[in-house]
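A.B. asks: Just dropping this structure here.
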Amino acid sequence: MKKMFSPRCVTSVILLVSLLLAGGALAQGLPEKWDDEADVVVVGYGAAGAAAAAEAHDAGADVLLLEKLAFPGGNALLCGGAVYGAGTSVQKELGIDDSPEQMAKYYEQIKPGLNKPEFIEIISAKSAEAVEWLLSHGAKVPAKYGVPGLTAGGFENLYEHITPARTRSHWVEGGGPGLFAAFKNAVDSRGIRVRFNTPATRLIRNPATGDIVGVRAVQNGKELAIKARKGVVLATGGFVHNKEMLKAYAPGGDGYPGAKGSPGATGDGILMAQEMGAALWAMHEVLESLGINGVGTAYFTPFMEYTVIVNKEGKRFIKEDAWTEPITEEALKQPGAVAFLVFDSKLRARDEVSNTVGAAIPEEKVIEASSIPELAAKLGIDPDALQATIDEYNTACETGEDPLGKGKKALFPCKEAPFYGIIADPLPVITTGGLLTSVDAEVLNPFDEPISRLYAAGEVTGGKCVGYPGCGTAIAECIIFGRIAGRNAAQLPDW
Ligand SMILES: Cc1cc2nc3c(=O)[nH]c(=O)nc-3n(C[C@H](O)[C@H](O)[C@H](O)COP(=O)(O)OP(=O)(O)OC[C@H]3O[C@@H](n4cnc5c(N)ncnc54)[C@H](O)[C@@H]3O)c2cc1C
């Protein structure tokens, strides 16, 4: 029997349908009337959006910010408050000899190739400027080691044979809210107009020229057509709160019990740009960590390595000083996709824990018991199994030989009552893949050609902080490319 459809024929049909669909979007044409307009429309009022808006304003543009939630901030508001920089005034005050070249050499080691070399060069060259920009808008980073202040940020020690390990994570006073106050100041002090509760839904393309000339949005149930005389900047963040996109791209698929961070991170900018033919980069790259579902701020990084991490059966399943991603991915495979952090009163008293509990981690999420079996019962773990695990772990602390290979430095005994436990969920934190952009922050199509008058910055883009090279790299990226996007959009002639 004759084959009805050859592969080539099927491809042609798919192509035809795609063209018709794209034509459908284009055929919508320009709105009959515009409900609002500005030179530059920035979609999303988080870190990248604020930086883009401020810079576009300084380049002489009239700017409108659209934010889908009732308040600004996105992830910056919930974040730890770190920004990564080399050669900053704060480092100089502490006598740290750092440079963009040293930073670039380190950055190149993290997920090589996925962080594009051209982005690494720009981020390294401009990271100090990004920190100074924040400081100039009121952020405070004391010249001391610690939080707030400066800490080592990532895996710099592992690459000392390539480039000196420098202390680059600048922690702003007041954590995320302290950090975002500087971004908000950048917007408020320039009198930039903001429409809250106004999600952008689609981009508007001029069918005659192919230019992106505005966005469709919704406010109070009313559809709006908003004209961008010069350009549109997408700064809508990542997609950790979009289950379908996680299912399509993330290592944990739709298996995560929830997600960290801002509920606004639903991938809207990626979808809107995809409709216009945008290319994607490194979409599978998701920073994952243990956290507490529903508590956007909860993180355990400062002390997790010293705890004992067990599953519902009371068994350890990974060395606790592993990187956050393998820990999270192993936790996802455990019964009930949940883990438990167990520690004693000695660890509870250490700064790393006491500074985090009551601040990023609510007190009531830390369960206390006078013995290990009692703690196990409260956590829903088999008491005998947990006791056996803790006994074996304490022996490893004495001998320095851990069956799971945890390093001596992190082998902190769990012996002194009362004991504590935290129920820890494996969660995606941020996505580091997204829209492919040029060094000028233009959104590119799959042939590396810019989509005319469309820019993007921050977590909505890909290839700039894949593997999360250090605490603060995401915020640095938002400032650097947000400013590039805002400036370039503002410099275009009106369409
Ligand atoms: C718990 C946590 C701790 C972190 N700690 C740090 C840290 O210390 N240092 C660091 O560098 N990074 C940190 N990060 C990562 C960093 O905070 C984010 O990557 C960064 O803030 C992303 O900024 P953004 O502006 O690109 O996106 P977002 O902050 O997500 O902002 C996007 C904004 O766009 C809005 N939006 C989305 N869709 C639409 C739409 N359709 N229309 C209008 N508006 C829309 C959203 O509501 C949101 O306000 C942390 C992240 C989390 C979750």
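A.B. asks: For K144, list the lysines whose Cα falls under 27 Å from its own Cα; do not include residues on the same chain fewer than 8 positions away.
C.D. replies: K92, K105, K126, K184, K346, K409
A.B. asks: Under the rule a/c < 1.5 gives rounded, and otherwise a/b versus b/c splits prolate from oblate, where does segment 331-403 land using the Cα gyration tensor?
C.D. replies: Cα axes put segment 331-403 in the oblate bin.
A.B. asks: Next up: Would you mind working out the accessible area per residue for the chain, using a 1.4 Å probe, and quoting it in Å²? Please report the intermediate quantities before stating the final value.
C.D. replies: Numbers: 20180 Å² over 495 residues.
With the other protein chains kept in place, the chain gives 41 Å² per residue.
A.B. asks: Under the rule a/c < 1.5 gives rounded, and otherwise a/b versus b/c splits prolate from oblate, where does segment 95-164 land using the Cα gyration tensor?
C.D. replies: Cα axes put segment 95-164 in the oblate bin.
A.B. asks: Right, next: Mind ordering 264-275, 139-150, 230-241, 339-350 by average Cβ neighbours within 10 Å, highest first?
C.D. replies: 230-241, 264-275, 339-350, 139-150
A.B. asks: Please say if segment 127-214 is rounded, prolate or oblate, where rounded means a/c under 1.5 for a ≥ b ≥ c the square roots of the C-alpha gyration tensor eigenvalues, and otherwise the choice is prolate for a/b larger than b/c and oblate otherwise? Intermediate results must be reported in sequence, preceding the final value.
C.D. replies: Numbers: a/c = 3.20, a/b = 1.71, b/c = 1.87.
Here segment 127-214 falls in the oblate category.
A.B. asks: Okay, next question. Take each complete run of DSSP H in the chain, measure how far its Cα atoms stretch along the helix's own axis, and keep only those covering 15 Å or more with mean Kyte-Doolittle hydropathy at least -1.0; list them.
C.D. replies: Span-like helices, by this rule, are 7-27, 47-58, 117-136, 175-188, 383-399, 473-490.
A.B. asks: In terms of solvent-accessible area of protein heavy atoms at a 1.4 angstrom probe, what is the ranking of T399, T167, T356, highest value first?
C.D. replies: Order by accessible area, largest first: T399, T167, T356.
A.B. asks: Using each residue's phi in segment 240-250, evaluate 6.51 cos²θ - 1.76 cosθ + 1.60 at θ = phi - 60° and report the 3J(HN,Hα) Karplus result to the nearest Hz, with x for Gly and Pro.
C.D. replies: After applying 6.51 cos²θ - 1.76 cosθ + 1.60, I find 5, 9, 10, 4, 5, 5, 4, 4, 6, 10, 7 Hz.
A.B. asks: Highest mean first, how do 360-371, 471-482, 53-64 rank when packing is the count of other Cβ atoms within 10 Å averaged over residues?
C.D. replies: On the way: 360-371: 14.3, 471-482: 29.7, 53-64: 23.1.
Averaged packing, sorted descending, gives the order 471-482, 53-64, 360-371.
A.B. asks: Carbon and sulfur atoms: what percent of the 1.4 Å accessible area of the chain do they account for?
C.D. replies: Details: 11040 of 20180 Å².
After summing per-atom areas, the C and S share lands at 55 percent.
A.B. asks: Related question: Quick one: net charge of E368's neighbours, Cβ under 15 Å, K/R +1, D/E -1?
C.D. replies: It works out to a net charge of -1.
A.B. asks: Hey, what number do you get for the chain at 222 nm if only DSSP H runs of n ≥ 4 count, each worth -39500 (n - 2.57), divided across all residues, to the nearest 500?
C.D. replies: Numbers: 15 runs with 161 residues, N = 495.
About -10000 deg cm²/dmol.
A.B. asks: Okay, moving on. Order these peptides, 154-164, 73-83, by their mean beta-carbon neighbour count within 10 angstrom, highest first. Please report the intermediate quantities before stating the final value.
C.D. replies: Values: 154-164: 14.4, 73-83: 26.5.
So the peptides 154-164, 73-83, ranked by packing, come out 73-83, 154-164.
A.B. asks: Right, here's the next one. Sort K68, K315 by heavy-atom solvent-accessible area, probe 1.4 angstrom, most to least.
C.D. replies: Per-residue accessible area, sorted high to low, gives K315, K68.
The values are calculated or read from the model by the stated rules, or taken from the named source; none is laboratory data. No experiment lies behind these values; they were computed from the predicted model shown. Positions of Cβ are backbone-derived with ideal geometry, glycine not excepted, and every protein chain shown enters the neighbour counts. In case anyone asks, the SASA skips ligands and DNA or RNA and just uses the protein heavy atoms, side chains included. Shrake-Rupley method; radii C 1.70, N 1.55, O 1.52, S 1.80 Å.
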